[in-house]
1. How many residues, within region 98-132, are farther than 27 Å from TYR189 by Cα and of a type in the set (Gly, Ala, Ser)?
2. Scan region 263-297 for residues that are touching a helix residue (DSSP H, G or I) at 6+ places or on another chain (Cβ under 9 Å), exposed (fewer than 12 other Cβ atoms within 10 Å of the Cβ) and modelled with pLDDT under 85 and jot them down.
3. For region 151-161, how many residues meet the condition of being buried (at least 23 other Cβ atoms within 10 Å of the Cβ) and in contact (Cβ under 8 Å) with a residue 40 or more places away in the chain?
4. Take the conditions closer than 25 Å to HIS171 by Cα and either part of a helix (DSSP H, G or I) or free of Cβ contacts under 8 Å to residues at least 24 places away in the same chain (or both) and apply them to VAL124. Does it pass?
5. Can you list residue pairs whose Cβ atoms sit under 8 Å apart, with the first residue in region 74-100 being aromatic (Phe, Trp, Tyr) and the second being assigned to a helix (DSSP H, G or I)? Count only pairs 6 or more apart in sequence or on different chains.
6. What number of residues within region 100-121 satisfy the criterion of being over 19 Å from MET300 (Cα atoms) and surrounded by fewer than 18 Cβ atoms within 10 Å (Cβ to Cβ)?
7. I need the full set of residues from region 42-69 which are modelled with pLDDT of 90 or more and hydroxyl-bearing (Ser, Thr, Tyr), in order please.
8. Do we find that LEU58 is surrounded by 15 or more Cβ atoms within 10 Å (Cβ to Cβ) and free of Cβ contacts under 8 Å to residues at least 12 places away in the same chain in this structure?
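The values are calculated or read from the model by the stated rules, or taken from the named source; none is laboratory data. All values derive from a computational prediction rather than experimental measurement. Neighbour counts run over all protein chains shown; Cβ positions are idealised from the backbone, glycine included.
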Amino acid sequence: MHMQPHIRANRGILALAIWMVVAVNILSLILLLLGFDFLVTLGIIQVVTFGLPFIAYLFITRQNARTLLAWKGLSCKNALLVILLTLLLMPAMHLISFVTSFVFVPVALDIDLASYPLWIPLLVIGFFPSIFEEIWFRGVMYAEYKNSGIPIRKVALVTALFFGLMHMNFHQAIYAGVMGIVWAYMIYYTRSFLAPVLAHFINNGLNVILQYVDSYVAWYDGLWGNPLMFLVIVGGVTLVALPLVYICMKSLKEYHADTEPAVEPQPEPLVENETPIVPKAFSPSLWVALGIFIFMCVIMEMIMRITF
């Protein structure tokens, strides 16, 4: 019996969730006990956690990475729009992070990034996640869901939900989930996997670079410690930036409408001449994966509250 693409993607996400629980905990413990540097450990974990399961998924489903991913060029105009969008959204993400920190304990890297040569954090925190995380959430899930004929709004919401929870802490899951929705529409409008990859790298990479600017770190830490001032300044910048975000998204949407439309897969009707039924995104395997990710987020929240 032919398996619908989104069903096999859901099973892949379940396998990824189980693998993440095993690999992240066991591998990180082994590497740290062997004396590996924290950032080196983090880089290895990303490759093993996301890269190896992706190769296995391609092998099992007999698919080609270039075919599965929307691997096409990104025009200079669209690349600039993606970069501008990412920069304009950053104040909103900081605002969400700040507000949700009153409910959930923020999880931060307890290391001095500035003590490393800049290229190392850029590689591990900027480049690796923009590739290895994207191949699953704006890669496998996005492509397989679209191939099943699931509408983009549902694709964006479900992929963003799991992208957020994949970080395994509620604080980061919320603002990462919001970014995931935007990035899903980026790939939809540009029809290029490079769009969310670029956005992800710019977002993470800029945050890394700013850690090397002592004046910015001191200013931001002071602002974070003053809730009213943070809300006024960052909230004000966010209000100014959001209309510009809308304009950029509208430009990408117009590109989508003006270019040669991609063939949109449609669900096959069960009976001849019957109206096709849009498949449900969630299947039993995805519900189990959701439970695993939420459980790990709860565990992390409990650990953070006990520790801090």
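1. Step one: filter region 98-132 for residues farther than 27 Å from TYR189 by Cα, giving 98-124.
Adding the requirement that they be of a type in the set (Gly, Ala, Ser) leaves 101, 108, 114-115.
The total comes to 4.
2. Scanning region 263-297 gives a single hit, GLU264.
3. Residues meeting the conditions: 2.
4. Numbers: closer than 25 Å to HIS171 by Cα: yes; either part of a helix (DSSP H, G or I) or free of Cβ contacts under 8 Å to residues at least 24 places away in the same chain (or both): yes.
When the stated conditions are applied, VAL124 passes them.
5. PHE98/TRP224; PHE98/PRO227; PHE98/PHE230; PHE98/LEU231; PHE98/VAL234
6. Taking region 100-121 first, the residues over 19 Å from MET300 (Cα atoms) are 112-121.
This time we only want the ones that are surrounded by fewer than 18 Cβ atoms within 10 Å (Cβ to Cβ), so: 112, 114-115, 117-120.
Summing the residues that are over 19 Å from MET300 (Cα atoms) and surrounded by fewer than 18 Cβ atoms within 10 Å (Cβ to Cβ) in region 100-121 gives 7.
7. Residues satisfying the conditions are THR49, TYR57, THR61.
8. Details: surrounded by 15 or more Cβ atoms within 10 Å (Cβ to Cβ): yes; free of Cβ contacts under 8 Å to residues at least 12 places away in the same chain: yes.
So LEU58 fits the description; yes.
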